[in-house]
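Colleague: Mind looking over this structure? Questions follow.
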Amino acid sequence: MSRTDPPQILIYMKQDFQIRDAFLDNLLSREEWAKFLGFHRTTLWRWEEQIINEILPLKHSYYEKHRGARSNYLDAYQRFLSAIIYFLKGGQVEKGIKNNAQVKEFLKRNFMHLRRKDFEQWKENQ
């Protein structure tokens, strides 16, 4: 099994108490979340523009609570998706995917496991 398979990424996230606890029901600004993960907020903005917004079902799920509008704060699910991208891009995972096209392909292939309701179920199991 590849370290970039959805179950493997979820295991990494579950084992890292800082990441796991970051999905509690609180809102963080994009700047706070980016700083938490260790990069600049414009990186998060690029991921939203170049990855999330280009995958329509993912975009719908990502902005669901805000009816398509970009809020100043990220909810737990939005932080979850950005954490998935973070892990895919190489954060704390060996041989991460560096290319946005590969990340998008992975997300398209695995979207059915990364929906808001799947996130809520994963969070309940923590």
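Colleague: Would you check if there is a residue in the stretch 79-88 being open to solvent by 70 Å² or more (accessible area, probe 1.4 Å) and at pLDDT 85 or above?
Modeller: No, because not a single residue in the stretch 79-88 is open to solvent by 70 Å² or more (accessible area, probe 1.4 Å) and at pLDDT 85 or above.
Colleague: Return the residues of the stretch 29-61 that are of a type in the set (Ser, Thr, Tyr) and touching a Leu at 6+ places or on another chain (Cβ under 9 Å); say none if nothing qualifies.
Modeller: Ser29, Thr43, Ser61 - these are the residues of the stretch 29-61 that are of a type in the set (Ser, Thr, Tyr) and touching a Leu at 6+ places or on another chain (Cβ under 9 Å).
Colleague: Still on this structure: If we keep just the residues of the stretch 20-42 that are part of a loop (DSSP other than H, G, I, E, B) and open to solvent by 90 Å² or more (accessible area, probe 1.4 Å), which is modelled with the highest pLDDT?
Modeller: Going through the qualifying residues, I end up with His40.
Colleague: Here's something else I'd like to know. Residue under question is Lys98, and the condition is that it be in a loop (DSSP other than H, G, I, E, B), basic (Lys, Arg) and modelled with pLDDT under 85; does it hold?
Modeller: Here the answer is yes, as Lys98 does meet what is asked.
Colleague: Open to solvent by 100 Å² or more (accessible area, probe 1.4 Å), in contact with a Phe, Trp or Tyr (Cβ under 8 Å, 6 or more places away or on another chain) and either assigned to a loop (DSSP other than H, G, I, E, B) or modelled with pLDDT under 80 (or both) - does that describe any residue in the stretch 66-75?
Modeller: Yes, the stretch 66-75 contains a residue that is open to solvent by 100 Å² or more (accessible area, probe 1.4 Å), in contact with a Phe, Trp or Tyr (Cβ under 8 Å, 6 or more places away or on another chain) and either assigned to a loop (DSSP other than H, G, I, E, B) or modelled with pLDDT under 80 (or both).
Colleague: If you go through the stretch 110-122 one residue at a time, how many are over 13 Å from the mean Cα position of the chain (by Cα) and either modelled with pLDDT of 90 or more or buried (at least 16 other Cβ atoms within 10 Å of the Cβ) (or both)?
Modeller: Residues flagged as over 13 Å from the mean Cα position of the chain (by Cα) and either modelled with pLDDT of 90 or more or buried (at least 16 other Cβ atoms within 10 Å of the Cβ) (or both) within the stretch 110-122 amount to 1.
Colleague: Here's something else I'd like to know. Please name all residue pairs, on different chains or six or more residues apart, with Cβ atoms under 6 Å, provided the first residue is in the stretch 100-115 and is touching a residue at least 24 places away in the same chain (Cβ under 8 Å) and the second residue is open to solvent by 30 Å² or more (accessible area, probe 1.4 Å) and assigned to a helix (DSSP H, G or I).
Modeller: Asn100/Gln50; Phe111/Pro57
Colleague: Could you check the stretch 50-65 and list, in sequence order, the residues that are open to solvent by less than 80 Å² (accessible area, probe 1.4 Å) and either part of a helix (DSSP H, G or I) or at pLDDT 90 or above (or both)?
Modeller: Those that are open to solvent by less than 80 Å² (accessible area, probe 1.4 Å) and either part of a helix (DSSP H, G or I) or at pLDDT 90 or above (or both): Gln50, Ile51, Ile52, Asn53, Ile55, Pro57, Leu58, Lys59, Ser61, Tyr62.
The values are calculated or read from the model by the stated rules, or taken from the named source; none is laboratory data. Given the structure is predicted, the values throughout are model-derived calculations rather than measurements. Cβ atoms come from the backbone with ideal geometry, glycine included; neighbour counts cover every protein chain shown. We work out accessible area using only protein heavy atoms, side chains counted, and drop any ligands, DNA or RNA first. Shrake-Rupley method; radii C 1.70, N 1.55, O 1.52, S 1.80 Å.
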